[in-house]
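Q: Quick one: structure below, then a few questions.
The values are calculated or read from the model by the stated rules, or taken from the named source; none is laboratory data. Computed from a predicted model, the values in this text were never measured in an experiment. Cβ atoms come from the backbone with ideal geometry, glycine included; neighbour counts cover every protein chain shown.
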Amino acid sequence: MLVWERPEPPDRPTPAPLSRERIVRAAIGLADADGLDAVSLRKVAAALDVGPMRLYGYIDTKEELLDLMVDAVHAEIRPTGDGWREVLRSLADTTRQAARRHEWLADLIGGRPQLGPNTLAGGEAVLAAMAGVDLDTVVPAVAAVNAYVIGAVRREITERRAERASGMDQEQWQVAFGPYLERTFATGRFPALAAVVRDGPHLDADETFRTGLDFVLDGIGARITK
């Protein structure tokens, strides 16, 4: 029986009452602070001031805990709007915002199918907004938006982590590596890349995300209006 359907153990009088919700909240707090490496049943139990064995019955494995954590964050991903385009844009935006609040989500999103109630509710909202559109279009359209968001979010979070690790922001990085690129481009071996770096648009993270999403949504719109 999946964790979503398995009843919790009966309440026991104890100085530290437990529930799956409390366990998941503690795990998310650890992951938000120090990443997924900080999450284990032992560390979660310590954060709750209970012994690790107390967690069993509520959660059998770390994989179940990770599934519960992802589904809990999906409560923050609530697609809204009128019409398929607004709802798909809302799906993309709220997913990105959730990943920016919980960077560890970028390491888990897009993994095995998520079947928790919050995830299913979000999927229901998206599909309901696309009612009337042929399912042969709906399924790949939603998959395309999800694929774009997953890739964009993972790249953005990876860049944020690299920036923190290096101690350099984008401007400092450009100062450090700009001369190397100028010397390389001066050889004439990479004219297309040189043109992009020198003359192309330099978008910030928000603009990059919105522009790429517009390309995806425009393509879906062209298919729907055929």
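Q: What is the one condition in (1) surrounded by fewer than 14 Cβ atoms within 10 Å (Cβ to Cβ); (2) on the phi < 0 side of the Ramachandran plot; (3) under 18 Å from the mean Cα position of the chain (by Cα); (4) not polar (S, T, N, Q) that Gly35 does not satisfy?
A: All conditions are met except number (2).
Q: Within the range 137-157, is even one residue modelled with pLDDT under 85 and either of a type in the set (Val, Ile, Thr) or in a helix (DSSP H, G or I) (or both)?
A: no
Q: Right, Ala165: under 15 Å from the mean Cα position of the chain (by Cα) and either closer than 22 Å to Trp104 by Cβ or surrounded by 15 or more Cβ atoms within 10 Å (Cβ to Cβ) (or both) or not?
A: No: the conditions fail for Ala165.
Q: Select, from Ala46, Ala75, the only residue that is over 19 Å from the mean Cα position of the chain (by Cα) and either of a type in the set (D, E, K, R) or surrounded by fewer than 21 Cβ atoms within 10 Å (Cβ to Cβ) (or both).
A: So the residue among Ala46, Ala75 that is over 19 Å from the mean Cα position of the chain (by Cα) and either of a type in the set (D, E, K, R) or surrounded by fewer than 21 Cβ atoms within 10 Å (Cβ to Cβ) (or both) is Ala46.
Q: What are the pairs, 6+ residues apart or on separate chains, where a residue within the range 70-84 that is assigned to a helix (DSSP H, G or I) has its Cβ under 6 Å from a residue that is among the hydrophobic types (A, V, I, L, M, F, W, C) and modelled with pLDDT under 90?
A: Trp84/Ala129; Trp84/Met130
Q: Consider Ala194 carefully, then state whether it is under 27 Å from Ala106 (Cα atoms) and at pLDDT below 90.
A: no
Q: Let me ask you something else. Restricting to the range 172-210, name every residue that is closer than 25 Å to Arg101 by Cβ, part of a helix (DSSP H, G or I) and not small (Gly, Ala, Ser).
A: Across the range 172-210, the qualifying residues are Trp173, Asp206, Glu207, Thr208, Phe209, Arg210.
Q: Residue check, Val197 against (1) among the hydrophobic types (A, V, I, L, M, F, W, C); (2) in contact with a Leu (Cβ under 7 Å, 6 or more places away or on another chain); (3) touching a residue at least 24 places away in the same chain (Cβ under 8 Å), all met but one. Which one?
A: (3)
Q: Among the residues of the range 34-69, which ones are in contact (Cβ under 8 Å) with a residue 12 or more places away in the chain, more than 18 Å from Trp4 (Cα to Cα) and not in a helix (DSSP H, G or I)?
A: Hits for the range 34-69 are Gly35, Val39, Ser40, Leu48, Asp49, Val50.
Q: Within the bounds of the range 218-225, is there any residue that is within 32 Å of the chain's Cα centre (by Cα), hydroxyl-bearing (Ser, Thr, Tyr) and either assigned to a helix (DSSP H, G or I) or exposed (fewer than 11 other Cβ atoms within 10 Å of the Cβ) (or both)?
A: Yes, the conditions are met somewhere in the range 218-225.
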